[in-house]
Amino acid sequence: MTTAQAAMTVPLTARKESIADKVFGAFSAGAAVIILVTLAAVATFLLTEAWPALTSTAAELASKVAWLGTGSGETLISVIGYLVFGTILVSAVALAIATPVSIGIALFISHFAPRRLAAGLGYLIDLLAAIPSVVYGLWGSIVLLPVLKPFYQWLGHYFGWIPLFAPDPATGEVSPTGRVALSASIVLAIMIIPIVTAISREVFLQTPKLHEEAALAMGATRWEMIRMAVLPFGRPGVIGATMLGLGRALGETMAVYMIISGGLTFSFSVIQSGKHNTIAAYIASQFPEANGSGVSALIAMGLALFVITLLVNMLARWVVSRRSEFSGAN
């Protein structure tokens, strides 16, 4: 028996773990446990603090909370319903604006731009993500709103038959101030573009070169190569990136608070003022003057936002898992 044959007959066994391996394994497990404990602690806190408001009757809560039971007699559940609707509407419009723009920028940086230009654009995109939200709110309220007001007038005049762009039925006009849900959505879209672009860019750069070269060798154009090789490979990553952007849009506070003219309705028109508000912005506006029962009611709204965010992430994981059978290494 030769030396090589003798070596092949020796059974392969795993190397004995060193102390460093054990420490690293324990550290990784501990980090995972910390995430679960933190999430459970946040959920427990929200539920505990919101329980008094959730178990009180509408009359009892209205007698203790100034902004409940007034005007049209809103209850806590109805206010939460209005805010959930406004949060989802504003965030969905922002995501609809940001996603195609982000994918286009990411594709340009990863497959079209020269190397030096791509590096500069990538740096600028990353820099946009570092700008505080209050700066976006100031810029939107001072610079962007005067520019958007004529555009809203044009939308209401020519596309008012679409529910999203319907003017006020009482006056037949759109908002003269521009402080509407669409303005908040545009600012949120600008805020989440860096996140979606940065992640999508990195995903597109991971596309196997063999896939791209095979598509080009078969006579595909640059766009056909991207459509057949790059986009299918990067779809799970793009979905994850959009969900991260949606998570920031759902929880954004100051930018929305500084731009939107808040209201509590189920209106689908995004160019009417005083119709929508988001959970985070509403909590920020009511929290400074809230008493004990008011704080409990606001935390109940925070619990609703927590549940929405959790459901969005679960949906994203489910969508990504359905695409997990596609692998660039295949």
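Counted by Cβ distance under 15 Å from Ser183, the other residues give a net charge of +2, where Lys and Arg count +1 and Asp and Glu count -1. For the peptides 231-237, 58-64, 84-90, the ranking by packing is 84-90, 231-237, 58-64, with the highest mean count of neighbouring Cβ atoms within 10 Å listed first. Across segment 101-107, computed HN-Hα scalar couplings (Karplus, 6.51 cos²θ - 1.76 cosθ + 1.60, θ = phi - 60°) run 5, 5, 5, x, 5, 5, 5 Hz from first to last residue, x flagging Gly and Pro. A simple rule links phi to the HN-Hα coupling: the Karplus curve 6.51 cos²θ - 1.76 cosθ + 1.60 with θ = phi - 60°, which for segment 306-321 gives 4, 5, 4, 4, 5, 5, 4, 5, 5, 5, 5, 4, 5, 5, 5, 5 Hz, with x for Gly and Pro. I want the local charge near Val295. Using Cβ-Cβ distances under 14 Å, sum +1 for each Lys or Arg and -1 for each Asp or Glu among the other residues. My count for the surroundings of Val295 gives -1. Within the shell defined by Cβ-Cβ distances under 12 Å, the residues around Met258 carry a net charge of 0, with Lys and Arg each +1 and Asp and Glu each -1. Where only DSSP H runs of four or more residues are counted, the chain gives -22500 deg cm²/dmol as its mean residue ellipticity at 222 nm, each run worth -39500 (n - 2.57).
Note on Ala66 and Ala31: the extension gain reaches 8.3 nm, defined as 0.36 nm multiplied by sequence separation minus the Cα-Cα distance. Placing unit charges on the Cβ atoms only, positive for Lys and Arg and negative for Asp and Glu, gives the chain a dipole magnitude near 760 debye about its Cα centre. Taking Lys209 as the anchor, which aspartates and glutamates have their alpha carbon closer than 20 Å to its alpha carbon, excluding any fewer than eight residues away along the same chain? Correct list for Lys209: Glu224, Glu325. Residues His157, His276, arranged from fewest to most other Cβ atoms within 10 angstrom of their Cβ, appear as His157, His276. The stretch between Thr44 and Trp154 holds 34.8 nm of extra length on full extension. This uses 0.36 nm per residue minus the Cα-Cα distance. Each of Leu310, Ala281, Ala20 was placed along the dipole of the chain (beta-carbon charges, centred on the mean Cα), and the one lying farthest toward the positive end is Ala20.
With the dipole of segment 98-222 worked out from charges on the C-beta (+1 for Lys and Arg, -1 for Asp and Glu) around the Cα centre, which of Gly104, Leu216, Ile199 lies farthest toward the positive end? Comparing the listed Cα positions along the dipole, Leu216 ranks first. Its Cα centre serving as origin, segment 159-301 has a Cβ charge dipole (Lys and Arg +1, Asp and Glu -1) of approximately 220 debye. Extending 7 Å from Cα along the Cβ direction at Leu315 and again at Leu127 yields two label points whose distance is 3.6 nm. A simple charge model with +1 on the Cβ of Lys and Arg, -1 on the Cβ of Asp and Glu and nothing else charged puts the dipole of segment 140-218 at about 160 debye relative to its Cα centre. Assuming R0 = 56 Å, what is the FRET efficiency of Arg222 and Val307, from their Cβ-Cβ distance, to the nearest 0.05? Efficiency, rounded to the nearest 0.05: 0.80. Run the reach check for Lys149 against aspartates and glutamates, Cα to Cα strictly under 12 Å, same-chain hits fewer than 8 apart removed. What comes back? Filter leaves Glu173.
Computed from the coordinates by the stated procedures, all read-outs in this text should not be read as laboratory data. What you are looking at is a predicted structure, and each value in this text was computed from that prediction instead of being measured. Please note: Cβ atoms are built from the backbone with ideal geometry, for glycine as well, and neighbour counts cover all protein chains shown.
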